[in-house]
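What follows is one structure encoded as structure tokens, with my remarks underneath.
All of the numbers you see were taken from the coordinates with simple rules; none came from a lab. From a predicted model like this one, the values you see are computed outputs, not experimental measurements. Methodologically, a virtual Cβ is constructed for each residue, glycine included, from the backbone with ideal geometry; neighbour enumeration extends over all protein chains shown.
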Amino acid sequence: MAGGKSETPVSLSDRELQIIDLVAAGLTNQEIAGKLEISKRTVDNHISNILTKTETENRVALVRWALQWGKVCLNDVNCCTLPNQIE
């Protein structure tokens, strides 16, 4: 991962990457829905699809996957460029 973009084994949309970022920030599905102005059910579906694509079993494993592949930054650790970050 050092020195550039990592080649992830899956293709994720910008929206999926936004949701992963918000999951890593500790938000619930309901909070993510409010922040993105979409329904909780849509968030549930996105997370289900993300878990399937990344072959992870839960939110903790998903965050670990995202850290491994350089998809999230936590407290200036593993910093990377995220598309359309939510403020």
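Over all directions, how big on average is the projection of the convex hull of the alpha-carbon atoms in the stretch 12-67, in square nanometres?
On the way: hull surface 13.0 nm².
Answer in nm², one decimal: 3.3.
Hey, can you rank 25-31, 63-69 by average C-beta count inside 10 Å, highest first? Please list the in-between numbers first.
Working: 25-31: 14.3, 63-69: 18.6.
By packing density, highest mean first, the sequence is 63-69, 25-31.
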